[in-house]
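A.B. asks: Mind looking over this structure? Questions follow.
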Amino acid sequence: MSSRNARNRKRTTAAATALAALLAVAGCSSKAGDGEGDKEDAGGVKAGVGVSAKTIDLGVLTDMTGVYATLGKSVTQAQQLYVKQTNADGGICGRKLKLTVRDHAYDPQKAVAAYTELEPEVLGFAQFIGSPFVAAVEQRVDADKALVLPQAWSANLLGSPYVRVVGSTYDLETINAIDFLMKEKGLKKGDKLGHVYFEGDYGENALKGSQYMAKKSGLTVVEQKIKATDNDMTAQVAALKKAGVKAVVISAGPRQAASLVGVAAAGKFDVPIIGNNSAFAPQLLGTQAGPALAKNYYVASPTLPIGADTAAAKKLVTDYKAAYPKDSLDNGVTAGWTAASIFGEALKKACESKDLTREGVDKALLTISDYDTGFGVSQDFSDPKAPSSKESVILRPDKSATGGMKVVREPGAAD
């Protein structure tokens, strides 16, 4: 949106409540990013918060035990792998990378408290799961100037030079998803489109995409708002079936998607269903909903999947399996690796400019306008008002594919 005030009006109730509850504890900005304490090393490189002569400290605010625990684990382990490999190659700017991880369990108060704890100690955040929680601290991030690469894709986060969305935002991703349904799955002008979505930044931003696409394409959206704690989609399927929808978009978590698809199949409600990028986990293919997911479910993703036929994907699969032999592969691995690689690239460019302060890293990221981590989509960070990409890849669950997903439509954007 064009103004900070307009964006603030879009903040979710959960985020606002969390921020208000912790405001007295957190106080105003620590002013860690204002240049106080900046110093130069022997090579003339300026260093500030989170940077010593030997290390660069980055924060990770993740969900290891909540609604996105599967995603959080994969994202975090991929980033730890990136750090391990980068350090083995000599680090960045003569320094080793270090990740400090906090599990907020997808709880708003824990998320804001974890940011408050880590912000004075780290250069920036390579991960922050949850659009509502990032939104809750965005004004503080702008004051602190600590770069945040969130695992969150709400368009309400756009505009800050310090909170940078990696990939297409939920509204654009949903437009791309509906474009796929119309071009390849028989959805047409005059049809009704169901949309099941989480209350809050994630679901409501995705809903904007549906509403926009419906207006442009002559569709009618039948809305079903749910909470993150709602796991049984029986009532939602019944309502959508009664309304006569011809396709469904789901902007929720993996559990809700599995329930929606499974209940629809059991009720002979045979329509295509497509989810946003965080609405699937390959572990679902081993559940009772597995066959229905393989038949009627699709996912819009900001990049090619972990099982993509690219050199980078194949290397990541091999390295991740070696590092975490007991853990399954999923697109959280891709997302985590991508964000860590982008942060690393910004650090390298900041080093070239001899400025490893928060401001120096933020400026370095603005110079990255065509960066592909090997997963098919070029990332452009030159404009803080825009996501780094408008493209989506359409995937389909496939038990035989590495990571449980295969590509059914290559990277692209709706007209």
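What follows draws every value from the coordinates through simple rules; no lab data is involved. Bear in mind the structure is a predicted one, so any value in this text is a computation, not a measurement. Note that we place each Cβ from the backbone using ideal geometry, even for glycine, and neighbour counts take in every protein chain shown.
A.B. asks: Projecting each Cα onto the charge dipole of region 182-286 (Lys/Arg +1, Asp/Glu -1 at the beta carbon, about the Cα centre), which of Y197, G262, A239 comes out farthest on the positive side?
C.D. replies: My answer, from the dipole projection, is A239.
A.B. asks: May I ask you to order 266-274, 154-162 by the average number of other C-beta atoms within 10 Å around their residues, highest value first?
C.D. replies: Result, highest mean first: 154-162, 266-274.
A.B. asks: Between the alpha-carbon centers of region 32-108 and region 347-415, tell me the distance in whole angstrom.
C.D. replies: Between the Cα centres of region 32-108 and region 347-415 lies a distance of 19 Å.
A.B. asks: To the nearest 20 debye, what charge dipole does the chain have about its Cα centre, counting +1 at the Cβ of each Lys and Arg and -1 at the Cβ of each Asp and Glu?
C.D. replies: With Lys and Arg at +1 and Asp and Glu at -1, about 1060 debye.
A.B. asks: So which of K314/K399; K84/K348; K227/K385; K54/K110; K39/K390 end up more than 27 Å apart by C-alpha?
C.D. replies: Correct reply: K227/K385; K54/K110; K39/K390.
A.B. asks: Let me ask another. Relative to the first principal axis of the alpha-carbon coordinates of the chain, what is the inclination of helix 234-243, with its axis defined by its Cα atoms, in degrees from 0 to 90 and to the nearest 10?
C.D. replies: It is inclined by approximately 60 degrees.
A.B. asks: What angle, in degrees between 0 and 90 and rounded to the nearest 10, separates the Cα long axis of helix 331-352 from the longest principal axis of the Cα atoms of the chain?
C.D. replies: Roughly 30 degrees, rounded to the nearest 10.
A.B. asks: Charges on Cβ only, +1 for Lys and Arg, -1 for Asp and Glu, centred on the Cα centroid of the chain; of G286, S341, G130, which one is farthest towards the dipole's positive end?
C.D. replies: G286
A.B. asks: Using each residue's phi in region 404-409, evaluate 6.51 cos²θ - 1.76 cosθ + 1.60 at θ = phi - 60° and report the 3J(HN,Hα) Karplus result to the nearest Hz, with x for Gly and Pro.
C.D. replies: x, 9, 10, 7, 10, 8
A.B. asks: Could you pull out every residue, at least 5 positions away or on a different chain, whose amide H is within less than 5 Å of the one on V222? Hs are placed 1.01 Å off N in the peptide plane, and Pro or chain starts have none.
C.D. replies: L193, G194, H195
A.B. asks: Under a plain spin-label model, where a point goes 7 Å from the Cα along Cα-to-Cβ, how far apart in nm are E199 and D380?
C.D. replies: Modelled inter-label distance: 3.8 nm.
A.B. asks: Also, I was wondering about something else. Could you give the dipole magnitude of region 99-142 about its Cα centre, charging the beta-carbon of Lys and Arg +1 and that of Asp and Glu -1, in debye to the nearest 20?
C.D. replies: With only Lys, Arg, Asp and Glu charged at Cβ, the dipole is about 80 debye.
A.B. asks: Would you kindly state how much longer the chain becomes between V408 and K295 on full extension, computed as 0.36 nm times their sequence separation minus their alpha carbon distance, in nm to one decimal?
C.D. replies: Extra length from V408 to K295 when fully extended: 39.4 nm.
A.B. asks: Next question. Which of the listed residues, F180, Y320, I368, is farthest toward the dipole's positive end in the chain, when Lys, Arg count +1 and Asp, Glu count -1 at the beta-carbon?
C.D. replies: Comparing the listed Cα positions along the dipole, F180 ranks first.
A.B. asks: With a cut-off of at most 14 other beta carbons within 10 Å, and DSSP calling the residue loop, which trypsin sites (Lys or Arg not before Pro) in region 165-252 qualify? Please list them.
C.D. replies: Listed in order of number, the matching sites are K188, K189, K227.
A.B. asks: Considering only the chain, what is the antiparallel percent among its DSSP beta bridges, to the nearest 5?
C.D. replies: Expressed as a percentage, antiparallel bridges in the chain total about 25.
A.B. asks: How many angstrom lie between the Cα centre of region 208-229 and the Cα centre of region 134-171?
C.D. replies: 24
A.B. asks: Could I ask something else about it? Run the helix sum for the chain: -39,500 (n - 2.57) per DSSP H stretch of 4+ residues, divided by residue count, reported at 222 nm to the nearest 500 deg cm²/dmol.
C.D. replies: So the helix-based figure for the chain works out to -13000 deg cm²/dmol.
A.B. asks: While we're looking at this one, here's another question. In nanometres, what is the gap between the two model label sites at K189 and K227, each 7 Å from Cα along Cα-to-Cβ?
C.D. replies: If labels sit at K189 and K227, their model points lie 4.2 nm apart.
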